[in-house]
Amino acid sequence: MKTTHSAKKEDVVKDWIVADANGQVLGRLASEIASRLRGKHKPTFTPHVDTGDFVIVVNAEKIVLTGKKLTDKIYYHHSRYPGGLRETSAQKMLQEKPEEVLRIAVKGMLPKNSLGRGMLKKLKVYRGGVHPHDAQCPKTLEM
């Protein structure tokens, strides 16, 4: 009888991947990134172990939102003080902090626990087309 393989933290090999967000739809790119961060593309995937790769995203300011989301989508943030609810439209967020738009989308697709927070730390998002991770020899992610 064969036993189910359960990956150990020490045995996991984590690669570096570069994804270009130029012209990509936000949700479709975020779901692919979340899958790579989680490690679901690997045959050694184990739900309770971080088996995912490091993901570098470049050209975050060139991401695309479909439909009327650019004007209708609202991001909320609360300061935890009474009356501290802040609203920001997606258009304003893309102009000021395009990295946050993608990070928030990916964060919503990861587990809501310490494992998910650890996975989110492996996501590196940059505005322009350059990144400081050339020493890791990242592979390109084809979408």
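The values are calculated or read from the model by the stated rules, or taken from the named source; none is laboratory data. This one's a predicted model, so the numbers in the text were calculated from it and none came from an experiment. Note: ideal-geometry Cβ built from the backbone for every residue, glycine included; neighbour counts use all protein chains shown. Ligands, DNA and RNA are excluded from the accessible area calculation, which covers all protein heavy atoms including side chains. Shrake-Rupley method; radii C 1.70, N 1.55, O 1.52, S 1.80 Å.
Of all residues in region 1-10, those being out of contact with any Ser or Thr (no Cβ under 8 Å at 6 or more places or on another chain) and touching a residue at least 12 places away in the same chain (Cβ under 8 Å) number 2. Remark: pairs (first residue in region 94-121, among the small types (Gly, Ala, Ser); second residue assigned to a helix (DSSP H, G or I); Cβ separation under 6 Å; 6+ apart in sequence or on different chains) = ALA105/LEU26; ALA105/ALA30.
Scanning region 57-100 for residues that are part of a loop (DSSP other than H, G, I, E, B) and either within 28 Å of THR140 (Cα to Cα) or open to solvent by 70 Å² or more (accessible area, probe 1.4 Å) (or both) yields ASN59, ILE63, LEU65, THR66, GLY67, LYS68, LYS73, ARG80, TYR81, PRO82, GLY83, LYS97. Residues that are at positive phi and buried (at least 16 other Cβ atoms within 10 Å of the Cβ) do occur in region 35-47, at least one of them.
Screening LEU110 with (1) part of a loop (DSSP other than H, G, I, E, B); (2) touching a helix residue (DSSP H, G or I) at 6+ places or on another chain (Cβ under 8 Å); (3) open to solvent by 50 Å² or more (accessible area, probe 1.4 Å); (4) not charged (D, E, K, R) gives one miss only, at (3). Confirm whether GLY116 is in a helix (DSSP H, G or I) and open to solvent by less than 30 Å² (accessible area, probe 1.4 Å). When the stated conditions are applied, GLY116 passes them.
Only residues that are surrounded by 11 or more Cβ atoms within 10 Å (Cβ to Cβ) and among the hydrophobic types (A, V, I, L, M, F, W, C) were counted in region 131-143, giving 2.
So which residues in region 1-29 are among the polar types (S, T, N, Q) and surrounded by 12 or more Cβ atoms within 10 Å (Cβ to Cβ)? Those that are among the polar types (S, T, N, Q) and surrounded by 12 or more Cβ atoms within 10 Å (Cβ to Cβ): ASN22, GLN24. Restricting attention to region 20-67, the residues that are over 25 Å from SER89 (Cβ atoms) and not acidic (Asp, Glu) add up to 20. Residue check, GLY128 against (1) part of a loop (DSSP other than H, G, I, E, B); (2) modelled with pLDDT under 95; (3) open to solvent by 50 Å² or more (accessible area, probe 1.4 Å), all met but one. Which one? So GLY128 meets the others, but not (3).
Every residue, every condition in (1) modelled with pLDDT under 95; (2) more than 19 Å from ARG117 (Cβ to Cβ); (3) touching a strand residue (DSSP E or B) at 6+ places or on another chain (Cβ under 9 Å), yes or no:
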position: THR4; (1), (2), (3): yes, yes, no
position: ASP15; (1), (2), (3): no, yes, yes
position: VAL25; (1), (2), (3): no, yes, yes
position: LEU29; (1), (2), (3): no, yes, yes
position: THR46; (1), (2), (3): yes, no, no
